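The values are calculated or read from the model by the stated rules, or taken from the named source; none is laboratory data. Model, not experiment: these values are computed from the prediction. Please note: Cβ atoms are built from the backbone with ideal geometry, for glycine as well, and neighbour counts cover all protein chains shown. When the accessible area is computed, the model is the full protein with side chains, heavy atoms only, and any ligands, DNA or RNA have been set aside. Shrake-Rupley method; radii C 1.70, N 1.55, O 1.52, S 1.80 Å.
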Amino acid sequence: ILRDEGHDVIHAQSGEGAIAAVRTPDTPIDLVLMDINLGAGMDGPEAAERILAERDLPILFLSADTRKEPLDRIERISSYGYVAKNSGGHVLTASIGMALRLYDLQRALRTSEERYVKAFQTSPDAVMINRFGDGVFLAVNTGFCDYTGYAADEAIGRRSDQAGLNLWVNDDDRTTLRAELSARGETTGLETEIRTKSGGIRTALISARTLEFNAELCILTIARDITERKRTEELLRQQDALLRVFFETAEDNIM
């Protein structure tokens with residue numbers, strides 16, 4: 001049936017034979033069609049687990065075994081469905097097509113998640129995800145740890161306000177942030193002061209937006225450290241003030 005549908009088929013007589021087939025690096029394999037009962041030796045679920053340890057492949061089970069125990073086992077494996085034998089060629093080929101599409105979708109999702117995690121963790125800015133309801137930290141990146149002095153396990157599970165890490169120097173800024181998020185779902189350019197673990201005060205420029213994370217309404221916040229910029233601006237203001245005093249009080253002609 002599979003060859004009539006245009007598929008190339010590698011037939012293995014046992015679980016051991018299937019594992020040997022997937023170990024061949026130059027053999028293109030798009031999907032494994034696996035029975036539950038394979039005769040003497042390992043059974044289908046065990047062979048599937050060992051195959052998945054070797055290669056990332058979609059595994060579709062084809063079997064006449066409808067007992068609960070083996071079906072429970074294949075549910076715990078990264079399988080792509082179960083087809084009862086004698087279901088007919090159309091059911092089999094349709095199930096294979098669905099399994100391949102599901103596999104492609106899951107690979108795309110994994111790639112997207114990997115890119116997100118990499119961007120999250122390597123950002124030089126402090127990036128954090130807090131639960132909207134109570135402000136509890138759900139995730140923080142390395143930039144957050146460097147900025148605040150708190151390790152990730154010290155922050156996650158605690159709040160950002162006075163009941164937790166007490167990061168906000170001015171609690172009115174936190175109130176403003178939450179009000180804008182409630183009204184518009186996002187805010188940008190909020191300048192505030194953050195208290196670090198050591199008690200130091202640093203200035204941050206905050207942008208945030210609400211999002212769904214693990215089925216909960218959360219806040220994704222990016223805080224950029226502008227402490228040195230603010231110090232430079234203050235120094236320039238002081239120098240400008242001194243220059244004006246000198247300019248206006250000097251007895252010499254100045255132009």
Taking the condition surrounded by 11 or more Cβ atoms within 10 Å (Cβ to Cβ), small (Gly, Ala, Ser) and touching a residue at least 60 places away in the same chain (Cβ under 8 Å), does Gly44 pass? no
Which one is nearest to Ser207 (Cα to Cα), of the residues in region 107-153 that are hydroxyl-bearing (Ser, Thr, Tyr) and touching a residue at least 12 places away in the same chain (Cβ under 8 Å)? Ser123
Cβ-Cβ distance below 6 Å, separation of 6 or more or different chains: which pairs start in region 65-92 with a residue that is more than 20 Å from Ala53 (Cα to Cα) and end on one that is of a type in the set (A, V, I, L, M, F, W, C) and open to solvent by 30 Å² or more (accessible area, probe 1.4 Å)? Val83/Leu62; Lys85/Ala64; Gly89/Ile1
Can you tell which of Val127, Val136 is touching a Gly at 6+ places or on another chain (Cβ under 8 Å), surrounded by 16 or more Cβ atoms within 10 Å (Cβ to Cβ) and over 23 Å from Thr227 (Cα atoms)? Val136
Within the set of pairs 6 or more residues apart or between chains, which connect a residue that is in contact (Cβ under 8 Å) with a residue 12 or more places away in the chain inside region 5-31 to a residue that is among the hydroxyl-bearing types (Ser, Thr, Tyr) with Cβ atoms less than 6 Å apart? Glu5/Thr93
Return the total of residues in region 55-90 being charged (D, E, K, R), open to solvent by less than 70 Å² (accessible area, probe 1.4 Å) and modelled with pLDDT of 85 or more. 1
Answer from Arg237, Arg224, Arg229 - the residue that is of a type in the set (Lys, Arg) and part of a strand (DSSP E or B): Arg224
Looking at the structure I just gave you, is Thr93 of a type in the set (S, T, N, Q), over 18 Å from Ile29 (Cα atoms) and either open to solvent by less than 40 Å² (accessible area, probe 1.4 Å) or part of a helix (DSSP H, G or I) (or both)? no
Going through region 20-39 one residue at a time, which ones are surrounded by 13 or more Cβ atoms within 10 Å (Cβ to Cβ) and more than 24 Å from Asp104 (Cβ to Cβ)? Asp35, Ile36, Leu38
Of the residues in region 143-197, those that are more than 25 Å from Glu212 (Cβ to Cβ), assigned to a loop (DSSP other than H, G, I, E, B) and not small (Gly, Ala, Ser) come to Tyr150, Gln162, Asn166, Val169, Asn170, Thr196, Lys197
